[in-house]
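Working notes, beginning with the structure itself.
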Amino acid sequence: MHIAVLPQERARTAPHSPCVADDARALDNSAFAHAVLGAAAALRSAGVARGDVVAVMLVNRVEFVVTLFAAWHLGAVVTPVNPVLTTDEAGFQITDAGAGVVVGERAASDLVTLDVAELDADPDTAPAPSTVEPDGLALLIYTSGTTGRPKGVMLDHTNVGVMCETIVAALGLDGSDHSLLVLPLFHVNGIVVSVLSPLLAGGCASIVGRFRAGSFAAELERVRPTYFSAVPAIYAMLVALPPEVEPDTSSLRRVICGAAPMPAELIARFEQRFGVPVIEGYGLSEATCASTLNPPSGPRKPGTVGLPLPGQRIALVDATGAVVTDGPGEVVISGPTVMRGYLNRPEETAATIRNGWLHTGDVGRFDDDGHLVLVDRIKDMIIRGGENLYPKEIENALHAHPAVNEAAVVGAPDPVLGEVPVAHVALLPGSSATPDDLTAHCAGRLARTKVPARITIVGSLPRNPVGKIDKPALRRIPEPAG
């Protein structure tokens, strides 16, 4: 089934089964299909036609999903915009994407041209569904832009459809599955793993407006999901909840971790406390979300991001582009989920996709069982006196300390060595450790050159909009006086 016609097909086969819900609204399949047609009528009245781009600037809510399918009904493309971006940041994306209509709340942004309240048009006035070509654009996902202005990742309907089918098969999703969306819908993981895939499998999705660790236990017990997908930071916050917080997790069959590698120690702490297996995977927007996964049926290997998903090839290459068998090397990906390119950026596309391989900028190696182990980002590598240091290795050593909840290591300028590693560490509530304690801990596990030159204990680590640790922000922290 083509993903774009999913609302109508679900309404035809099971009109009264649950489809999508949020804190304010719950739609069964019939109501969802009607909402999509009404929104399609509203978008058409606003001038949206086949091939146009619709920007969706909404917090997590049902209307985001409705607008997504309504645009596809018209043969249009969707670019999700983070609603907390500044006017300049959001305006850049909207202009770069060529979006003629911006769906959102006028009260929240002057950039909005179609208020979300105006989507509720008469479904009977909606045009017939547009023919969706497999290579027609479906999504324009903008990268986080840590090295400059964000780039629009072009994903076509084949990219999205194949990715969803792969997720359904790999996770064994079926009509009994109920996902709880906790990640932002402006990110491809939230769209693909937590909404499109369960709907394609015949299941349903509930949307959390904003993740809050303190109220998440009640959310789990109210919704009774079978899974959710999150980033390591969310799992760290859940592990850090007071001991008296004991949510009923009996409905959960598995939970998914992506967007950043999750330390094996954090996986163990979560599984021991909540009794739910963590399925870790790896991917990026340029490959439509996921490229590897630890098989839910086993063997799962914490500390790795699993095996290549069916239909995708993963290889490691050196600086010259030659394949290396043992690694470490840059992770490259090929297959039907690789993006069409960066919008209006042919040179950057050519630099990223070479000879059919997507160059990820991640360094990895394969273990003896073929599981991919991520070493680090190439750009995060620290060169200390000519020696390459990978922050993730140092972070893993810090995570092995029983008091450490999260750790981030970045390079700091040094007048003699060029760069030295410095660490920022958040402790588990109720735990204690000094920088000297952690330095001694690292010295027992790492070569002297890898031991952080400075360790700072902080209350929390900065995050980017997707929930990853914001390492550029850590690099901008000035050196302590003296």
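The values are calculated or read from the model by the stated rules, or taken from the named source; none is laboratory data. All values reported here derive from a predicted model rather than from experimental measurement. Here Cβ is always computed from backbone atoms with ideal geometry, including for glycine, and neighbour counts include all displayed protein chains. Heads up: the accessible areas ignore ligands, DNA and RNA and are worked out on the full protein's heavy atoms, side chains in. Shrake-Rupley method; radii C 1.70, N 1.55, O 1.52, S 1.80 Å.
Miscellaneous remarks
- Sole exception among (1) over 21 Å from the mean Cα position of the chain (by Cα); (2) within 30 Å of Asp96 (Cβ to Cβ); (3) among the aromatic types (Phe, Trp, Tyr) for Tyr390, by number: (2)
- Some residue of the stretch 315-327 being in contact with a Lys or Arg (Cβ under 6 Å, 6 or more places away or on another chain) and of a type outside the set (A, V, I, L, M): yes
- Only residues that are part of a helix (DSSP H, G or I) and surrounded by 13 or more Cβ atoms within 10 Å (Cβ to Cβ) were counted across the stretch 429-439, and they come to 4.
- Complete set of residues in the stretch 225-281 that are farther than 28 Å from Arg365 by Cα and of a type in the set (Ser, Thr, Tyr): Thr226, Tyr227, Thr249, Ser250, Ser251
- Residues that are within 21 Å of Pro299 (Cβ to Cβ) and either among the charged types (D, E, K, R) or in a helix (DSSP H, G or I) (or both), drawn from the stretch 161-177: Thr166, Ile167, Ala169, Ala170, Leu171
- Looking only at the stretch 1-30, and only at residues there that are assigned to a helix (DSSP H, G or I) and under 28 Å from Gly100 (Cβ atoms), the one that is farthest from the chain's Cα centre (by Cα): Gln8
- Residue within the stretch 419-428 that is farther than 19 Å from Tyr390 by Cβ and either exposed (fewer than 15 other Cβ atoms within 10 Å of the Cβ) or in contact with a Leu (Cβ under 9 Å, 6 or more places away or on another chain) (or both) present: yes
- Residue check for Asp380: loosely packed, with under 14 Cβ neighbours inside 10 Å and touching a Lys or Arg at 6+ places or on another chain (Cβ under 9 Å): no
- For Ala128, the criteria (1) out of contact with any Asp or Glu (no Cβ under 9 Å at 6 or more places or on another chain); (2) surrounded by 15 or more Cβ atoms within 10 Å (Cβ to Cβ); (3) more than 29 Å from Glu89 (Cα to Cα) hold in every case but one, which is (2).
- Some residue of the stretch 420-427 being under 30 Å from Gly298 (Cα atoms) and touching a Pro at 6+ places or on another chain (Cβ under 6 Å): no
- Looking only at the stretch 195-228, and only at residues there that are modelled with pLDDT of 95 or more and of a type in the set (Ser, Thr, Tyr), the one that is nearest to Asp22 (Cα to Cα): Ser206
- Once the stretch 267-283 is narrowed to residues that are touching an Asp or Glu at 6+ places or on another chain (Cβ under 8 Å) and outside any strand (DSSP E or B), the residue that is most open to solvent (accessible area, probe 1.4 Å) is Pro277.
- Within the stretch 444-461, the set of residues being surrounded by 14 or more Cβ atoms within 10 Å (Cβ to Cβ) and out of contact with any strand residue (DSSP E or B) (no Cβ under 7 Å at 6 or more places or on another chain) comprises Arg445, Leu446, Val451.
- Of Gly214, Gly136, Gly152, Gly161, all but one fail to be closer than 26 Å to Gly275 by Cα and small (Gly, Ala, Ser); the exception is Gly214.
- Any hit, the stretch 57-80, residues being out of contact with any Cys (no Cβ under 6 Å at 6 or more places or on another chain) and surrounded by fewer than 17 Cβ atoms within 10 Å (Cβ to Cβ): no
- From Asp135, Asp110, Asp156, residue being of a type in the set (Asp, Glu) and either under 21 Å from His187 (Cβ atoms) or open to solvent by less than 10 Å² (accessible area, probe 1.4 Å) (or both): Asp156
- Beta carbons closer than 7 Å, at least 6 apart along the sequence or on distinct chains, pair a first residue in the stretch 257-271 that is of a type in the set (Gly, Ala, Ser) with a second that is surrounded by 22 or more Cβ atoms within 10 Å (Cβ to Cβ) and in a helix (DSSP H, G or I) for Gly258/Asn189; Ala259/Asn189; Ala260/Pro232.
- Of Arg463, Arg448, all but one fail to be at pLDDT below 90 and under 30 Å from Phe211 (Cα atoms); the exception is Arg463.
- The single residue among Thr143, Thr147, Thr131, Thr113 that is closer than 22 Å to Gly38 by Cβ, at pLDDT below 95 and of a type in the set (Ser, Thr, Tyr) turns out to be Thr131.
- Of the residues in the stretch 400-415, at least one is of a type in the set (D, E, K, R) and touching a residue at least 40 places away in the same chain (Cβ under 8 Å).
- Check on Val323, of a type in the set (Val, Ile, Thr) and closer than 28 Å to Leu137 by Cβ: no
- Among the strands (runs of 3 or more DSSP E) confined to the stretch 294-374, the ones with at least 1 residues that are within 22 Å of Leu171 (Cβ to Cβ) and either open to solvent by 70 Å² or more (accessible area, probe 1.4 Å) or of a type outside the set (Val, Ile, Thr) (or both) are located at 313-317.
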